[in-house]
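The values are calculated or read from the model by the stated rules, or taken from the named source; none is laboratory data. Keep in mind the model is a prediction, meaning the values are calculated, not measured. Cβ: placed from backbone, ideal geometry, glycine included. Neighbour counts: every protein chain shown. SASA here: full protein model, heavy atoms, side chains in, ligands and nucleic acids out. Shrake-Rupley method; radii C 1.70, N 1.55, O 1.52, S 1.80 Å.
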Amino acid sequence: MTSNRHLRPATQLVHGGTTRSQHGETSEAIYLTQGFVYDSAEAAEARFKGEEPGFIYSRYANPTNDMFEKRMCLMEGAEDARATASGMAAVSAALLCQLKAGDHVVSARALFGSCRWVVETLLPKYGIDSTLVDGRDLANFEAAIRPNTKVFFLESPTNPTLEVVDIAGVAKLANQIGAKLVVDNVFATPLLQKPLELGAHVVAYSATKHIDGQGRCLGGVILSDKGWIDEHLHDFFRHTGPSLSPFNAWTLLKGLETLPLRVRQQSENAGRIADFLADHPAVARVIYPGRADHPQADICARQMKGGSTLVAFELKGGKSAAFSLQNALEVVEISNNLGDTKSLITHPATTTHKNLSDEVRDQLGISPGMVRLSLGIEDGQDLIEDFDHALSGL
C-alpha cells in the first residue's frame, strides 16, 4: 500500500498496515501460530538481541496482530500500539504499566463499572491511591492534584450517562505537572473523536465494540507514542501476557474495513431516535451529545465530529417502565454490549453498573428509569416504529 499520509480514514481502514505473504493474498492472512522458526542458531540469537527484525513468540507480537495495530495507528494518529485480549485488558495495562506504589491517579467518576473497579479497588491493593471527581468541571481535576499524581483517567462520552469531559483541558493539567492522560475512547470511536490530537497521551479501546461491531469476538488496543510504549508498556505487555489472539486480530481487521459505514448509519439512527424520544410524553429526559440540549454541548462541538452511536434516556415510570419498554421492543434486543450492527438496549442500574451502591448511582445520575441504547444499522424508521409501539404500552 502507498505510504501517502493524506489517505482518508475510509481508505486507511481498508488498506492500512497490510502486509502480504509470498502468496499475494487479497484478504489479510491469519498467522495462527504460537512461535516462529529461525534459519540458524545465530539468527535466533540476533532476533532475541533485537539485532535482526522478525517475530519471536505470539505473546510478544504476531504478523496478523501487527497489521491490526498498524491500521489502528493510522486511524488514531498514533506512533505505536499493542493489541490486547479485551477492552478491560487494555484499560488495566494502560494504567498499571506506568504506575507504582505511592503514585496517585485522578479519574473522572463516571466510568464503566469494571473501569471504576480497577481505579477504586484494584489500584489501591498495589499501594496506588486514586481520587474520583465529577469530570464535568475541569476545576475538580485541578483540585484533586497531589504532588504524587502521575495519571489522569477518563472516558468521554461516559458510560452510560453520556457525559462529555474536556479532554484538551485535562491534558493541559496533566502536562503542567508531568502526568499522563489516559482516555477510554470507546463511545466516540476514532472516527468521531481523536484524543491524541486533543492532547491525551494514551488511548484505550474495547475493540469488542464498534471495531468488531458485529458481536463476534473480544479485543482491545492501547495506542500512544513509541517512547511511552517502549518505556512503560513493552515489557509489561510481554511478561504479563494480555495479548490478542491472531484469529481475533484478523476478525477485527475485517471489522475496521466497514467501520465508517457502520458508524455513519448508527450515528444517524441515534440522532433520529434521540429526537423522537425527546418529544415522547413517557420520557423524562434524553442525553445525546449531538443535541443542542446536551449539558456539555459546547465541549461536544469542540472535540467531537458527531454525536455518538449511543443514546441514554430516562423513563418517567422508573424501573418498571424501563423493564416494560425493553420487554415490548421487537427489533431492538436486550444486551449489555454496544457498538453492534444490531440495536441493543440495557438497564444500567441492574446490569453494567449494578455493583455500584445506590448512593453512587444517584450521584452519577443512573436512575432506576434510565436505559442505555446502542443503535445499530437497521432502517431508522423501523426503529422509531418499534419504540413508538413499545412506549405506547407504558
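Determine, from the Cβ-Cβ distance of Asp293 and Glu79 and an R0 of 35 Å, the FRET efficiency 1/(1 + (r/R0)^6), rounded to the nearest 0.05.
On the way: r = 39 Å, r/R0 = 1.10.
After rounding, the FRET efficiency stands at 0.35.
Using just the alpha carbons, could you tell me how many Å³ per residue the convex hull of the stretch 142-201 encloses? Provide the component values of the computation, followed by the final result.
Working: hull volume 4.6 nm³, N = 60.
Normalising the Cα hull of the stretch 142-201 by residue number yields 77 Å³.
Looking at the chain, the DSSP beta bridges with both ends there are about 55 percent antiparallel.
The C-alpha atoms of the stretch 71-161 occupy a region whose extents along the principal axes are 38, 29, 24 Å, arranged from largest to smallest. For Val133, the residues 5 or more places off, or on other chains, whose built amide H falls under 5 Å of its own are Ser107, Ala108, Arg109. Once the Cβ-Cβ distance of Arg238 and Thr121 is raised to the sixth power relative to R0 = 35 Å, the FRET efficiency obtained is 0.85.
Each 5 Å bin from zero up to the one holding the largest Cα-Cα distance in the stretch 108-152 carries the following percent of pairs: 5, 22, 29, 26, 16, 2.
Stretching the chain fully between Lys100 and Thr11 yields a gain of 28.0 nm (0.36 nm per residue, less the alpha carbon separation). Note on the stretch 108-139 and the stretch 63-90: Cα centroid distance 25 Å, given to the nearest whole angstrom. Orientation-averaged projection of the stretch 106-248 equals 9.0 nm² [convex hull of Cα atoms, one quarter of hull surface area]. Dipole magnitude for the stretch 64-109: about 180 debye, using +1 per Lys or Arg Cβ and -1 per Asp or Glu Cβ, origin at the Cα centre.
The value of relative contact order for the stretch 291-383, using C-alpha pairs under 8 Å at least six residues apart, is 36 percent.
Of the whole protein surface, Tyr57 contributes about 100 Å² of accessible area at a 1.4 Å probe radius.
Using 0.36 nm times the number of residues separating Lys49 and Asp388, minus their current alpha carbon distance, what extension gain do you get?
Details: separation 339, 0.36 × 339 = 122.04 nm, distance 6.39 nm.
Computed gain between Lys49 and Asp388 is 115.6 nm.
Accessible area per residue was computed with a 1.4 Å probe on protein heavy atoms; Lys125 scores about 140 Å².
Accessible surface for the stretch 264-370, divided over its residues, is 44 Å² per residue with a 1.4 Å probe.
Would you kindly calculate the translational diffusion coefficient of the chain, applying Stokes-Einstein with the Kirkwood radius from alpha carbon pairs, for 20 °C and a viscosity of 1.002 mPa s, and quote it in µm² s⁻¹ without decimals? Walk me through the numbers on the way to the answer.
Values: Rh = 21.8 Å.
Using the Kirkwood radius from Cα pairs, D works out to 98 µm²/s.
Rg and Dmax of the stretch 307-394, both derived from C-alpha coordinates alone, stand at 12.8, 39 Å. Take every pair of alpha-carbon atoms less than 8 Å apart whose residues are at least six positions apart; their mean separation over the length of the chain yields a relative contact order of 17 percent.
With the helix formula -39500 (n - 2.57) applied to DSSP H stretches of n ≥ 4, the chain reaches a computed 222 nm mean residue ellipticity of -10500 deg cm²/dmol. For Phe112, the residues 5 or more places off, or on other chains, whose built amide H falls under 5 Å of its own are Asn159.
Look at the dipole of the chain built from charges on Cβ: of Ile229, Ala312, Asn355, the Cα furthest out on the positive end belongs to Ile229. Amide H contacts of Ala61 (H built 1.01 Å from N, in plane; Pro and chain starts excluded): Ile56 sit under 5 Å, all sequence-distant by 5 or more or on other chains. So for the stretch 246-375, considering every pair of alpha-carbon atoms, how many percent are separated by more than 19 Å? Summing the P(r) of the stretch 246-375 above 19 Å gives 54 percent of all pairs. Think of the chain as a dipole: +1 on every Lys or Arg Cβ, -1 on every Asp or Glu Cβ, centred on the Cα centre; then among Thr18, Pro195, Gln296, Pro195 lies furthest on the positive end.
Assign unit charges at the C-beta atoms only (+1 for Lys and Arg, -1 for Asp and Glu), then state the dipole size of the stretch 216-314 relative to its Cα centre in Debye, rounded to the nearest 20.
Dipole of the stretch 216-314, to the nearest 20 debye: 320 debye.
Computed in the context of the full set of protein chains, the accessible area of the stretch 217-341 at 1.4 Å probe radius has 51% of its extent on carbon or sulfur.
Tell me, in nm to one decimal, what length is gained between Lys354 and Ala301 on full extension, where the rule is 0.36 nm per residue of separation less the Cα-Cα distance?
15.9 nm
Charge dipole of the chain (Cα centre as origin; +1 on each Lys and Arg Cβ, -1 on each Asp and Glu Cβ, all else neutral): 360 debye, rounded to the nearest 20. Using the Karplus relation 6.51 cos²θ - 1.76 cosθ + 1.60 with θ = phi - 60°, the per-residue 3J(HN,Hα) values for the stretch 133-149 come to 10, 6, x, 6, 10, 4, 4, 5, 5, 5, 5, 8, 5, 10, x, 9, 5 Hz, with x marking Gly and Pro.
Determine the shape class of the stretch 203-282: with a ≥ b ≥ c the square roots of the Cα gyration tensor eigenvalues, call it rounded for a/c under 1.5, and otherwise prolate if a/b is greater than b/c, oblate otherwise. Each step should come with its number before you reach the end.
Working: a/c = 2.97, a/b = 2.16, b/c = 1.37.
In terms of gyration-tensor shape, prolate.
Normalised radius of gyration (Cα atoms, divided by 2.2 N^0.38 Å) for the stretch 1-84: 1.23.
In the chain, a dipole from Cβ-located charges (positive for Lys and Arg, negative for Asp and Glu) runs towards its positive end, and of Leu95, Cys217, Gly178 it is Gly178 whose Cα lies farthest in that direction.
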